[in-house]
Amino acid sequence: MSITTRFAPSPTGYLHVGGARTALFSWLYARKHGGKFILRIEDTDLERSTQESVNAILEGMAWLGLDYDEGPYYQTHHFDRYKEIIQQLIAQGDAYYCYCSKDALEQLRTEQMANKEKPRYNGKCRELKGLEEGIEAVIRFKNPIDGVVTIEDLVKGDIVVANKELDDLIIARADGSPTYNLTVVVDDMDMKVTHVIRGDDHINNTPRQMNILKALGAELPKYAHLPMILGSDGARLSKRHGAVSVMQFRDDGYLPEALLNYLVRLGWSHGDQEIFSLDEMVEYFELDNVNVSASTFNMEKLLWLNHQYIMNSDPVHVARHLSWHMGQLGIDPADGPDLVDVVKAQRERSKTLVEMAAASVYFYKEFDSYDEKAAKKNFTVGSDDVLEQLHAKLAEMKSWSAEPLHQVVVDLAEALGLNMGKVAQPLRVAVCGSAVSPAIDITLTLIGREKTLARLDKAISYIRSQK
Ligand code: GLU
């Protein structure tokens, strides 16, 4: 059987971590089985859906690299088809017009609550014949009264729901617009979705959707409901736990593959392996290994993974992402060293690309002031002379590369009877503005001869002006 999965977000906000995990699992399942992955935008709620959210979802999918074989489809383009199916259900006796007013339904609800019964529609209009003109009517699905629906959930196992628990669901509102459960069913059927992989907040909808599919004579898809993601306090993950929008993770300096790796482990495992290339994820992914219980989002673990990816990914790839962050800081990477070399110099010390970018500005742009503590500690009496001598030696150098640069510092320290730090640290503060940088020889190769000499001059004048 060829497999088709879909990700079906409602565009009522950004692409959040939970949605991204659902998308990833659906994508992995399709990729693993050589199947098809569809993106479907469920935008029928006209009041809450926005183009901005659609864009945010598309941007998030693209940033994560979750490519789709079909779509994005938009449910608002399928209204005619939904109407057709609603009419078909009415014609075959599986749906009916309901004329109960809002007040009557409210009263019914109050009575049921008072009797400690589950509030549900009592089926009053179920057997009405013909169409009553002039009265507002919704359309309800005629749910079977007897028997049970069994969801053979691929994650949670069998879930059995008695039909008497399910009342007659509204499938079209009084204005004729179709409701969520109807549109999902029609699209899943038309798109020949074989596996519905989605959050377990939809589990209550599933037996209703299965009954509609049965009434339409459609083949039922298999279902896999993913347990929810919790914040560190045990509550459902939400905005107040910090970054939950996928694009926020980009802004905060995460690599997309680090986030994907984190998301795949959120509720799924393969032995005790933590780091998975995309190919490995595709190879090992099984719905059987998805946890049944909720998982907790752990920012520290994501940060650790991000650092692993920054250190171990192809530096060319990391540099491409770093370039975006440099741009955010107003830096044009053309104004300095090759970003790939910057990545190689900085990757051990940067857990995020935001950190790496912030720590790399001086390779590209002059700084206005020295870090106060660093200047105080290292621009001491006599350091101006040390820098002057360094300037002379560096100006003479034929090859501006790490090894001879290192040698110049070592030789000067020796000649002056100083330990290496007493030469390297003032030099570092002079060329970087702070006492933190990669190894001094690497730092100098990245800054380049011209900028190094100019910054030494500037530092010497600065120190002398402070005397
Ligand atoms: N549109 C629904 C949502 O965003 C998902 C529907 C589904 O996956 O069946 O929650």
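Rule-based calculations on the coordinates, nothing more; no lab input. None of these values were measured; they are calculated from a predicted model. Note: ideal-geometry Cβ built from the backbone for every residue, glycine included; neighbour counts use all protein chains shown.
What the table below lists for this structure:
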| read-out | value |
| --- | --- |
| Two-site FRET efficiency, residue 286 against residue 1, from Cβ-Cβ distance with R₀ of 22 Å, rounded to 0.05 | 0.85 |
| Computed lengthening from residue 453 to residue 175, 0.36 nm per intervening residue step minus Cα-Cα distance | 92.5 nm |
| Rg in Å to one decimal, and Dmax rounded to a whole Å, for segment 1-111 via C-alpha atoms | 18.4, 53 |
| Pairs of Cα atoms farther than 30 Å apart, the chain, % | 59 |
| Per the chain, cysteines lacking a partner by the 4.7 Å Cβ criterion | 100, 432 |
| Cβ crowding within 10 Å averaged over residues, with 16-27, 269-280, 56-67, 148-159 ranked highest first | 16-27, 56-67, 148-159, 269-280 |
| Residue 102 paired with residue 395, simple spin-label distance in nm, labels 7 Å along Cα-to-beta-carbon | 8.5 |
| Peptide ranges 397-408, 172-183 listed from the most packed, as the mean C-beta count within 10 angstrom indicates | 172-183, 397-408 |
| Calculated FRET efficiency for the pair residue 348/residue 126, C-beta based, R₀ 56 Å, to 0.05 | 0.20 |
| Histogram of C-alpha separations across segment 66-183, 5 Å bin width, % | 2, 10, 15, 18, 18, 15, 12, 6, 3, 2, 0 |
| Set of aspartates and glutamates near residue 451 by C-alpha distance (under 12 Å), chain-local residues within fewer than 8 positions excluded | 335, 366 |
| Sites residue 369 and residue 70, calculated FRET efficiency, Cβ-Cβ separation with R0 56 Å, nearest 0.05 | 0.50 |
| Distance between modelled label sites at residue 162 and residue 218, nm, 7 Å Cα→Cβ extension | 2.8 |
| Pairwise label distance in nanometres, residue 55 with residue 228, each label 7 Å out on the Cα-Cβ vector | 3.1 |
| Estimated 222 nm signal from helices in the chain, with DSSP H stretches of n ≥ 4 weighted -39500 (n - 2.57), rounded to 500 | -14000 deg cm²/dmol |
| Rounded to the nearest 20 debye, dipole of segment 79-203 from Cβ charges on Lys, Arg, Asp, Glu | 180 |
| Net lengthening on full extension, residue 113/residue 83 (0.36 nm per residue, minus Cα-Cα) | 7.4 nm |
| Whole-Å distance, taken between Cα centres, linking segment 105-156 and segment 303-363 | 58 |
| Difference of contour (0.36 nm per residue) and Cα-Cα distance, residue 62 to residue 329 | 93.8 nm |
| Enclosed volume per residue, in Å³, of the convex hull spanned by Cα atoms of segment 225-367 | 121 |
